[in-house]
Amino acid sequence: MDNEQIQAEALSFLDTRGILRAADLGCGAGGQTIAPAQNIRGSIVGLDQIPGFIDELNAKALNLGLQGSASGVVGSMENLPFFEKETFGRIWPEGAIDAIGFEKGPAHWSGFLKMNGYAAVACPCRLAGEHPDEVERFWSNADSGLER
Ligand SMILES: C[S@@+](CC[C@H](N)C(=O)[O-])C[C@H]1O[C@@H](n2cnc3c(N)ncnc32)[C@H](O)[C@@H]1O
């Protein structure tokens, strides 16, 4: 399956009958923010700690005429200062929950979900213990790549 097929399958799980307000936490440059915006009635806000990523997301949304349904804000997913409680139908942290962990993430975010809202999380994770050198090298390169 390529990325587009995976994304289409993930989107097929969204209930698109009502108006949905969603948050993409740790959105990066919005790789996974734009497609939901194009497929839901409602809006999605991306949040990332790196301002350059948010500028890129907002520029993409503007170019695609999606500024009413996709937007980005700079901030920390550990402290969601811009959002009101019980606002979101979906919280969608793709490839980002590892930055704060599976315990802290839901604890910080659950208050921002509306009744019957939920978080959909996808993230490659390393379990505790020893790993082969090749695996350690892969992940340390992947992590340092984020800071560039
Ligand atoms: C692996 S990238 C995933 C980006 C995007 N969700 C995607 O799937 O293409 C993880 C992102 O989480 C962001 N991030 C990490 N810790 C964060 C935090 N505490 N608050 C906000 N963003 C954070 C990083 O800046 C990075 O853009």
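Listing for the model above:
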item	result
Eligible lysines near LYS85 by straight Cα distance, threshold 25 Å, same-chain separation 8 or greater	LYS104, LYS114
Computed [θ] at 222 nm, deg cm²/dmol, the chain (DSSP H ≥ 4; -39,500 (n - 2.57); rounded to nearest 500)	-9500 deg cm²/dmol
Loop-exposed GluC sites (Glu not before Pro) per DSSP, neighbour cap 12 Cβ within 10 angstrom, longest uninterrupted part of the chain	1-83
Volume per residue of the C-alpha convex hull in the range 3-146, rounded to whole Å³	122
Relative contact order of the chain, pairs being alpha-carbon contacts under 8 Å that are 6 or more residues apart, as %	21
Fluctuation leader among ALA122, ALA29, ALA70 - the chain, Gaussian network, Cα springs under 10 angstrom	ALA122
Sulfur and carbon atoms: percent of accessible area, the chain [1.4 Å]	52
In the range 69-148, the chymotrypsin sites (Phe, Trp or Tyr not before Pro) that fall in loop regions by DSSP, at most 14 other Cβ within 10 Å	PHE82, PHE102
Percent of beta bridges antiparallel (DSSP, the range 3-146, rounded to nearest 5)	5
Accessible area expressed per residue, the chain, with surrounding protein chains retained (probe 1.4 Å, Å²)	62
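The values are calculated or read from the model by the stated rules, or taken from the named source; none is laboratory data. On a predicted model such as this, the values are computed, not experimentally measured, just so you know. Every residue, glycine as well, gets a Cβ built from its backbone with ideal geometry; the counts of neighbours run over all protein chains shown. Remember, those area values only see protein heavy atoms, side chains included, never the ligands or the DNA or RNA. Shrake-Rupley method; radii C 1.70, N 1.55, O 1.52, S 1.80 Å.
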